[in-house]
């Protein structure tokens, strides 16, 4: 019965105003993106039928993405045009809301959708009044609406209600309405909703309401009690205060969360007043034994500490932070400590205390492995109760997690550009090494705690990973030889150990790389180099073994490590000597035939790097290089490019070739044209779009190099060529491009069904056209009497087909008569194809039409009745 | 009280992206990490902020388990591990680990190709993510840590699909992932042992459907293909997943090769496109399935679809019968339904509760279901209480017998004597009796006397008495003679002893079995 009022609308002409307005706007905007934001004529026509479907409880709109996308569209619409006009010009929307309200048994998804849709409209004050006059808002968001229906049990309805209210709160009228209709109390209840999504949305809504109601409240009143805060804000603050003082852990957490968001998003002066009012119950929470809402308190303090309102050193916040650093459980306090250390503005004493908190577990570990007087430890004095930390470290369930957290926080500090406090990096390094030793049974426990830690940590991958991460990060500090020695020892132990898991091994490689790179770059690198070379010899022995591992993850990580090592240390002669005296290059080459494609790809990349070195090393007299057959590497890689059935190795090959071309690899320089030609030929028939994209990059580098070599590249400092010389060089380069079949490749890629390929080809062709088809060369074409009409892809495809099928000349004398090798023919095609037009259409994502609102509305209408049979089941 | 908490971040009353958080005995496990095909924005991945709010993910989660390689179960994994920052263990079966990167690569390709997105996981991230995966064998018990163990069972949905049992101490949860209880041409039926988990988390895609035979569907499929080919047409089958028929990707005709072919073939009514699965809104696949025949393509061209459009699903999910069968097989204490539509789940939930008398839950996304897992404790009910309840008409219904009374639990260590005294019970004695056959034609009392004399001689340190009723007592062991009616020459001695005197009783029995010495005759 509901279809009737709209049934006729489909055929009726759209609202005249809408038609004129949208037509005008479309003309003005032009772009597809803008067009989507406007309710155009097609959508206005489809909308009544869609609303009819949505309002009909018998119709099935099972796919909830429809409704989500419908709402997305309306959000965009209401941002760009008047919501009131939208409702007035499309009365079906108001009728839809009314109709759903009248339904006896609406579906929860429809009701939720209507709540959200109404909220979006009511965000505009005029629209709010319009809906209010029709009593739609009170019926939807008041006590008599869905709130009192059985559907309120459905989380989706409650969620829709909260989201609707959230959208609506953009003006004071909405706040007054919510305060008067009892909605605020409902939101308070929803804070504790069984659905995480609803509870979180309710909390965010309260944050929004509080900040919105106080946004005009800029002055800081002298006396807190005197301040005349808006009623809504007062209600909220009383609620927060009561919750904080309640004994309910969940209510306390909700309020702390709410305050965290408030202080995080709002830096107005009133937040200081709010804090002075609430600080007392919050500080009281810290004094409880044990502190229950530790994580939430940490979040709150961090959010406040980041606000400029509280940055003053005299602010009472810092007293609370100090108190929190003392009272919170070591497992909770780390996050606060690291957060404090990252702050720009913070009293130095608090920072020093924060660092001590972070170092305490490390200090305990260090002492647990040394004799009491042997080592001074990380801390001069203990800031917290070290007994608590020791208890946590001696317990199986908490030890690993406390250490992982501490190690991660300390690692974060290493990446700060400027550490605000002195970090005792040598004892820290030693404590990290000690943890790593404990994890593989190499540390000697010196106390009862040490024994316990030893038993807990042995074989603990989690701690191993975190410790190796920070070990790598600590490489940027200058360390004395003795400590470098202990780092090398522990790294070798991990790299060698058969118990090291693949993930830990990867971290070991990463840490090793960081230390080696760091040592090679350090000013004192010469002092350590002998020590490093000795380590490298041991390292390559391990690497040989790891390259032969039965696990592909290990072989792959070893190859990745090798690639980076060569990249960073290839200038070091000692490194090259050690590398080529090992079997690593040979084993790497063997891995080009690994059964696992990931490994083959990494082997290709590693060989790409190694091959630079083989050239360097083979030039030196007296250096034997029997391991790598460098001549065959290009051939091997080309073979992989044309024959490997998996994409990864082929992609790796093309990346290596691009690097070689860029860096002037000797094998490439021997005959660059032949090299490029053969690679493009192989790539041309490749089905993998990334290989093709790589081929295009190669083509781009090649063309830029050639044009640059001939002085044709657009460089502001280049000498200006005479027009005759330029013309000669142009024709020379064009000749070379044709010889390597560059244009055949580029035009083919322009027709590719993968958009990124076509897009990149188009970019390159436009750049080449600008270089090659300048005015003088254009004259040639027009004098031949050829059509300059822009042609599209179909024409180009036809031309390419002719080029590829045979080089037969076409009797019509058209542009396509010439083959791909003929420079004039190529130039003509380059001028004829509408590259700019193609560029515009390729820049849009391929689904821009499917994403349009018309498409969505058509889909909703078309789906009615068909969904039942084609339901989601394919996964 | 011990509890199990389940919160779906995805697959709660929908068939979108599976991602279910399970908290069991203090351990937190994420079951699947899928993506939603229907969205191209943030909504495609589960909202992990709900787990990251209390610090680092790796500290919170003990492990991630991936049931199979379909993208709605693993599509968010590289995002989760390489971009959100989860650095802990990930478990899946060997075939899943082998196939997962191929599908993830395909997904990445479509996203980058179709949308030109740059802020998306890269090939390197997919590889790095797969390196963190620990591959498991079916029926292999994996110890994630000291307390948490997992075990994979065959699920029969696609190659490598597995159901996982998650166990901490005596509490356990089984997650089915997607499964199929009917074997087909290349996959067997799901199987699990009678593991009686506290909770079975089951998919419910076909919660209300009883599927027809796959052979019929195969016949129809072949018939349609043959008909089309015979009339000179071509058949396009766009697919988006491995494990079934593989023709041209992507499966929803939204970009790439399959769309390219579709454009070329759509205008010929002799041709046919067979859509083997669900297509999300906005894709060409969705449009043609919903009957739209004039499609606006890029460049405002209108493509008229004249080719035949068919929908034919070969997906392997358990239907309602299959789900019930699995519940019967595993005998869970409660069931939780995911990966299905709310209305259908509601129907199945009632059916399960009715048939198996277990609680069945169906939380929406973001809703937490909490189960208290008190272990079963047998309780002795006093006769008085039982009589009183039956007197007021309280009788067992469906094996449930609600009773009110006071449970007395006491954990004290007392002597047996004191326990007897406090409970007002008498001591029971447990005796063993053994028959020993002795060849002796003499009269019964004579034979007993011979036994008495014999024992008296052998057991000098023991008290051996000949009682007036004719029996013999050696300490607490009683020996009585009884006549063997059929054979007068054979006498039977009954030797009886308490379990405290087991040693002496056994010794006496063996002694008597050797027979009586001739000298005593």
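Key figures
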item: Of all residues in segment B:60-74 being within 9 Å of residue B:33 (Cα to Cα) and touching a helix residue (DSSP H, G or I) at 6+ places or on another chain (Cβ under 6 Å), the one that is modelled with the lowest pLDDT; result: B:71
item: Residue ranges of strands (runs of 3 or more DSSP E) in segment B:30-147 with at least 1 members on the phi < 0 side of the Ramachandran plot, crowded, with 20+ Cβ neighbours inside 10 Å and more than 9 Å from every other protein chain (Cβ to nearest Cβ); result: B:63-65, B:90-93, B:133-136
item: Pair list, Cβ under 8 Å, 6 or more apart: segment B:460-473 residue over 13 Å from residue B:504 (Cα atoms), other residue modelled with pLDDT under 85 and surrounded by fewer than 13 Cβ atoms within 10 Å (Cβ to Cβ); result: B:470/B:445
item: Residues (more than 23 Å from residue A:287 (Cβ to Cβ) and part of a loop (DSSP other than H, G, I, E, B)) located in segment A:230-273; result: A:230, A:266, A:267, A:268, A:269
item: Qualifying position, being buried (at least 17 other Cβ atoms within 10 Å of the Cβ), at pLDDT below 95 and within 14 Å of chain B (Cβ to nearest Cβ), among A:413, A:392; result: A:392
item: Residues within segment A:156-172 that are part of a helix (DSSP H, G or I), modelled with pLDDT of 95 or more and away from chain B (no Cβ under 14 Å), tallied; result: 6
item: Residue tally, condition under 22 Å from residue A:122 (Cα atoms) and either touching a strand residue (DSSP E or B) at 6+ places or on another chain (Cβ under 9 Å) or free of Cβ contacts under 8 Å to residues at least 24 places away in the same chain (or both), over segment A:178-199; result: 3
item: Pick from segment A:824-854, criterion modelled with pLDDT of 85 or more and more than 28 Å from residue A:744 (Cα to Cα), ranking: surrounded by the most Cβ atoms within 10 Å (Cβ to Cβ); result: A:853
item: Search result, residues across segment A:533-550 that are farther than 20 Å from residue A:589 by Cβ and without any contact (Cβ under 8 Å) to a residue 24 or more places away in the chain; result: A:534
item: Top-ranked residue in segment A:675-691 [being away from every other protein chain (no Cβ under 12 Å) and in a loop (DSSP other than H, G, I, E, B); ranked as surrounded by the most Cβ atoms within 10 Å (Cβ to Cβ)]; result: A:686
item: Filtered residue count, segment B:5-29, keeping only those that are at negative phi, surrounded by fewer than 24 Cβ atoms within 10 Å (Cβ to Cβ) and more than 10 Å from chain A (Cβ to nearest Cβ); result: 6
item: Any hit, segment A:447-454, residues being outside any helix (DSSP H, G or I), at negative phi and surrounded by fewer than 16 Cβ atoms within 10 Å (Cβ to Cβ); result: no
item: Any hit, segment B:256-264, residues being within 13 Å of chain A (Cβ to nearest Cβ), surrounded by fewer than 19 Cβ atoms within 10 Å (Cβ to Cβ), part of a strand (DSSP E or B) and at pLDDT below 75; result: no
item: Checklist (1) free of Cβ contacts under 8 Å to residues at least 40 places away in the same chain; (2) farther than 19 Å from residue B:37 by Cα; (3) at the interface with chain A (Cβ under 10 Å from one of its Cβ atoms); (4) in contact with a strand residue (DSSP E or B) (Cβ under 7 Å, 6 or more places away or on another chain) applied to residue B:367, failing item; result: (1)
item: Whichever residue in segment A:719-760 is in a loop (DSSP other than H, G, I, E, B) and touching a helix residue (DSSP H, G or I) at 6+ places or on another chain (Cβ under 8 Å) and, among such residues, is farthest from the other protein chains (Cβ to nearest Cβ); result: A:721
item: Scan of segment B:169-216 for residues that are away from chain A (no Cβ under 12 Å) and not in a loop (DSSP other than H, G, I, E, B), ordered by number; result: B:171, B:172, B:173, B:174, B:175, B:199, B:200, B:201, B:202, B:214, B:215, B:216
item: Subset of segment B:265-281 [closer than 23 Å to residue A:754 by Cβ, part of a strand (DSSP E or B) and either more than 9 Å from chain A (Cβ to nearest Cβ) or modelled with pLDDT under 75 (or both)]; result: B:273
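The values are calculated or read from the model by the stated rules, or taken from the named source; none is laboratory data. The model shown is predicted, which means the values in this text are computed figures rather than measured ones. As a convention, Cβ positions derive from the backbone with ideal geometry for all residues, glycine included, and neighbour counts pool all protein chains shown.
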